[in-house]
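The values are calculated or read from the model by the stated rules, or taken from the named source; none is laboratory data. Keep in mind that this is a model prediction, so the values were computed, not measured. Here the Cβ positions follow ideal geometry from the backbone for every residue, glycine too, while neighbour counts run over all protein chains shown.
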Amino acid sequence: MAFIPHTPADVEAMLATIGVSSIEQLFDEIPASLRVKSLDGVPVGLNEMQIGRLMSERARADGRPLCFIGAGAYEHHIPSAVWAITTRGEFYSAYTPYQAEASQGTLQLIYEYQSMIANLTGMDVSNASLYDGASAVAEASLMAVRANRKSKSLRVLIPRTVSPMYRRVAIATAGNQGLRFEDVAYSPDSGLTPVEVLKKYEGEDITALVIQQPNFFGQLEDVDALTDWAHAHGIFVIAVVNPTSLALLKPPGEWGTTGKGADIVVGDGQPLGVPLSSGGPYFGFMTTRTEYVRQMPGRIVGRTVDLNGREGFTLTLQAREQHIRRAKATSNICTNQGLLVTAATIYMSLMGPVGLERTAAASHARANDLLMALTSVKGVRRAFTGPFFHEAVVLFDRPVAPILTSLANRGILGGLDLSEAFPELGYALLVCATETKTLSDINSYVTALGEALQSAVRAA
Amino acid sequence: MRAQDKDHEKVIFEYSHPGRGATDQWPQELPDSATADLPQKLRRSRRAQLPEVSELETVRHFTRLSHLNFSIDTHFYPLGSCTMKYNPKACNQYAMLPELLGRHPLGPESHGQGFLACMYELQEMLKEVTGMQGVALSPMAGAHGEFAGVAMIRAYHRSRGDLARNEIIVPEAAHGTNPATATMCGCVVREIPVNEEGDIDLETLKAAVGPNTAGIMLTNPSTLGVFERRIEEVARIVHAAGGLLYYDGANLNAILGKVRPGDMGFDVIHMNLHKTFSTPHGGGGPGAGAVGVSARLRPFLPLPIVGLDEGNRYRWLTEKDLPQSIGRLSAFMGNAGVLLRAYIYMRMLGREGMSQVGEYATLNANYMLSRLKSAGFDAAYPSRRASHEFIITLKRQARELDVTAMDFAKRLLDHGFHAPTTYFPLLVPECLLIEPTETESKDILDAFVNAMAQIQQEAEQEPERVTSAPHTMPVRRLDDVRAAKQLDLRWKPTA
């Protein structure tokens, strides 16, 4: 089943036109010794009915557990219209809009996306997206090296309250170009990065400070104080934000008390209409100040006019990119995550400012309900004091892993075990709720948790 | 009036009315007390400017925008080096089953055995069709896979204490991503020429390799649309100098089921699953750039990878299993949903379908090339067989008629065909790189050739009709200079 339309008569006529006697003859420039003998490791083909059945069985095996994990991927309601339109062939099966006249739909959509993301983050300009939030942090760090003319050091401060998954991607990606990512400790009481711990860097050449809001623990950093400190020392601020939270929280463009705000803003756009889907495809967003736009990686769409003076859209500032600049490009990236941007743009249109704000508020309120319910269980308490957004760390009086296994056996994914990434916290669990969870879901969790703790006691 | 214009659609903000919205999609309004614990100084002072439009307005707007696009589902799209083949609907349908869409990336392996089985089998099938010994799926695009590949080459040399090797050799016809990737990996790029028949110049190669050579990045068939015939000799030269061979999988569709990069001597490859394995291009992504390696590079593969334990349970391999890994390139495991689509495609094709892909892609390209030559067009490499794509050069038309490759490309849009790749590779003047793919019928190929012949006639008789094309698209040629000088990158309300 290779979706090949040729009839035997077609093949015969085509071979005659070419002047060969068989398709095999078309491969006569390839040394015979290299030709494939067999592909036994690939199973025989399935028709659509068979593959449909196989995939349904595989999907069923994974089930649909009740999920309270967040940690960078969030389950939100996605209106049906989002993917009904996104999977239209005209969007789904189009290529990068190099031929602008034949791609006005995709180009205008990206322009609208850029407008929405710039507005949401409070920044001047956006690119057309990057691979995901983690790779966006890596690209932002490389961009800061190019854009922060005051710094020559390639040193980036990345607090431990930034997602450890983002940190390791930044190191694996930008480390190859000599960037050094340095940890900054957090306060064990608040789960925040205090400005005091940054004092030791004063007088040193630092390129950028990464600030994640809400941070990986769900806690809300004092972004104004951190931003002011960085700018006072010639350090770029790279903000890492959850787009849903921005309906309620101060946009990075307004961070600090000097009116300057963050220099580069990145994050993962997944909460904006993209399903969890085992981790991807998601998309990374990036916005910045107009003065740094030529240092920004990735595609950018601009509005212009055509020969008749009529408005239209086109890829612009391409002199930054690999197909023009080759080894001197701002990045090797050549795609964006177009289809996910399509979904997110439709999602943001349906939600609007009010719907997104309600989504954020409902998610946060539900997380408060969840925390109250969990901490009412004996042996469970909050890890940190102070404000958080829709996600928080709770501590247990015993190891978390067996509890999570027991919960999973009851159809509940109870959160992310932090004992490996943050051993100093003790038996810590990162839990999350969104507007998709009901009070009855939370009751199910707490009941299952009670059973899990009970059975653990019995086993002991 | 303009909203009625089928070629023009307002920017969505221009439909906005305060107080309107797709209210049925929103959660219920909560009292302020629900968020009272969020301190005032960390909060937004005024709402973000997003459009306020109804659900129907939204659906209409984006549906209308979709009508302004060419796509594979609506048009022949012979874009060279992009492999714009049919994206089977089943791949989308069955990758979007609710359980698969709802699976959290950090969910336990116990609730992911179905998904992990698909990923494991995908790794195994990719190994088989490429002849490589190990595969990792997480890179999220071709360029991302290239990055992983070159990073592995560097890690390999470093692990042997071979610290001087920082040069990546790239043929001058290479994709721009190759040199850009080498730079991103902290390497130095060295470009080498190809000869008149499109093969690498072996003498130059011999002179270029040495103790600083980290590796060479090659596409085979090359970006010139021809098979590198002396690939075994190239591999010997590079290996003898201590370098490794990188295979850019951009053109894997040409040789699928016919010859394998692993057998040609490549040490590391990336595959563009959005090309060869027909996952959607989505208007410029998401792609998937899985990487494959020979045995000696296996310890350096990026994580995560899916392993199979003795108890027949699938599990994620981690840093504990691969302590020398180059690390992680995505927060989770890359573009999982794209990987599912590639898996479904490969299972549908099966082993017999794999070799048909290479065969019919090559048949279609050679047929088109023959017909275009008969119609009077000049092949860039007339003595060579086409692979799955080929180049024609319009330098004669540019010289004699003042009609360029770009003019032909734009005029093709008026004929309902997406333009081929223009002006790439850079070393062939006035070129069109044409890749029909195996899923197109002879009728379409004939229609395209006829359109080219008609445009040629027009170029001779009425050249301004061609040089001012397109005439029937939503917009005429756009002012790119103005776009770059008077930056308008986001909508702002007019005062």
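In table form, for the structure just shown:
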item: Among (1) closer than 30 Å to A:Gly415 by Cα; (2) touching a residue at least 24 places away in the same chain (Cβ under 8 Å) - the single one B:Glu99 does not satisfy; result: (2)
item: Members of segment B:298-350 that are in a helix (DSSP H, G or I) and among the aromatic types (Phe, Trp, Tyr); result: B:Phe300, B:Tyr343, B:Tyr345
item: Residue match in segment A:51-65 (condition: on the phi > 0 side of the Ramachandran plot, surrounded by fewer than 16 Cβ atoms within 10 Å (Cβ to Cβ) and without any contact (Cβ under 8 Å) to a residue 40 or more places away in the chain); result: no
item: Residue within segment A:435-453 that is basic (Lys, Arg), touching a Leu at 6+ places or on another chain (Cβ under 7 Å) and within 14 Å of chain B (Cβ to nearest Cβ) present; result: no
item: Scope segment B:444-475; condition in contact with a Gly (Cβ under 8 Å, 6 or more places away or on another chain) and not in a helix (DSSP H, G or I); matching residues; result: B:Pro474, B:Val475
item: Residue, surrounded by the fewest Cβ atoms within 10 Å (Cβ to Cβ), within segment A:205-219, restricted to residues that are assigned to a loop (DSSP other than H, G, I, E, B) and without any contact (Cβ under 8 Å) to a residue 60 or more places away in the chain; result: A:Asp205
item: One residue from B:Leu50, B:Leu65, B:Leu79 being surrounded by 19 or more Cβ atoms within 10 Å (Cβ to Cβ) and either in contact with a strand residue (DSSP E or B) (Cβ under 8 Å, 6 or more places away or on another chain) or among the acidic types (Asp, Glu) (or both); result: B:Leu79
item: Residue among B:Glu146, B:Glu172, B:Glu197 that alone is assigned by TED's automatic domain parsing to the domain that holds B:Arg313, surrounded by 16 or more Cβ atoms within 10 Å (Cβ to Cβ) and of a type in the set (D, E, K, R); result: B:Glu146
item: Matching entry among B:His17, B:His61 (being in contact (Cβ under 8 Å) with a residue 12 or more places away in the chain and in a helix (DSSP H, G or I)); result: B:His61
item: Test: residue in segment A:123-138 that is of a type in the set (Asp, Glu) and either without any contact (Cβ under 8 Å) to a residue 12 or more places away in the chain or surrounded by fewer than 24 Cβ atoms within 10 Å (Cβ to Cβ) (or both); result: yes
item: Some residue of segment B:82-89 being in a helix (DSSP H, G or I), surrounded by fewer than 20 Cβ atoms within 10 Å (Cβ to Cβ) and modelled with pLDDT of 95 or more; result: yes
item: Pair list, Cβ < 6 Å and 6+ apart or interchain, from segment A:82-100 residues that are more than 7 Å from chain B (Cβ to nearest Cβ) and surrounded by 24 or more Cβ atoms within 10 Å (Cβ to Cβ) to residues that are small (Gly, Ala, Ser) and in a helix (DSSP H, G or I); result: A:Val82/A:Ala343; A:Thr86/A:Ala343
item: Boolean, B:Ala148 is modelled with pLDDT of 95 or more, in contact with a Ser or Thr (Cβ under 9 Å, 6 or more places away or on another chain), among the hydrophobic types (A, V, I, L, M, F, W, C) and under 27 Å from A:Ser129 (Cβ atoms); result: yes
item: Scan of segment A:359-377 for residues that are touching an Asp or Glu at 6+ places or on another chain (Cβ under 7 Å) and β-branched (Val, Ile, Thr), ordered by number; result: A:Thr359
item: Verdict on A:Gln337 being within 29 Å of A:Lys437 (Cα to Cα) and out of contact with any Cys (no Cβ under 7 Å at 6 or more places or on another chain); result: yes
item: Matching entry among A:Met165, A:Met143, A:Met123, A:Met116 (being within 14 Å of chain B (Cβ to nearest Cβ) and part of a loop (DSSP other than H, G, I, E, B)); result: A:Met123
item: Strands (runs of 3 or more DSSP E) lying entirely in segment A:284-351 (those with 2 or more residues that are within 9 Å of chain B (Cβ to nearest Cβ) and either touching a Phe, Trp or Tyr at 6+ places or on another chain (Cβ under 8 Å) or crowded, with 24+ Cβ neighbours inside 10 Å (or both)); result: A:301-305, A:311-315
item: Lone unmet requirement of (1) surrounded by 15 or more Cβ atoms within 10 Å (Cβ to Cβ); (2) not in a strand (DSSP E or B) for B:Glu191; result: (2)
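This table checks each residue for (1) crowded, with 18+ Cβ neighbours inside 10 Å; (2) part of a loop (DSSP other than H, G, I, E, B); (3) within 12 Å of chain B (Cβ to nearest Cβ).
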residue: A:Val169; (1), (2), (3): yes, no, yes
residue: A:Asp183; (1), (2), (3): no, no, no
residue: A:Asp189; (1), (2), (3): no, yes, no
residue: A:Leu192; (1), (2), (3): yes, yes, yes
residue: A:Glu196; (1), (2), (3): no, no, no
residue: A:Glu221; (1), (2), (3): yes, yes, yes
residue: A:Pro243; (1), (2), (3): yes, yes, yes
residue: A:Thr258; (1), (2), (3): no, yes, no
residue: A:Ala262; (1), (2), (3): yes, yes, no
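Residues are listed down the side, and each one gets a yes or a no for (1) touching a strand residue (DSSP E or B) at 6+ places or on another chain (Cβ under 8 Å); (2) facing chain A (nearest Cβ under 10 Å); (3) in contact (Cβ under 8 Å) with a residue 24 or more places away in the chain:
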site	(1), (2), (3)
B:Thr276	yes, no, yes
B:Gly292	yes, no, yes
B:Arg315	yes, no, yes
B:Glu319	yes, yes, no
B:Gly327	yes, yes, yes
B:Asn335	no, yes, yes
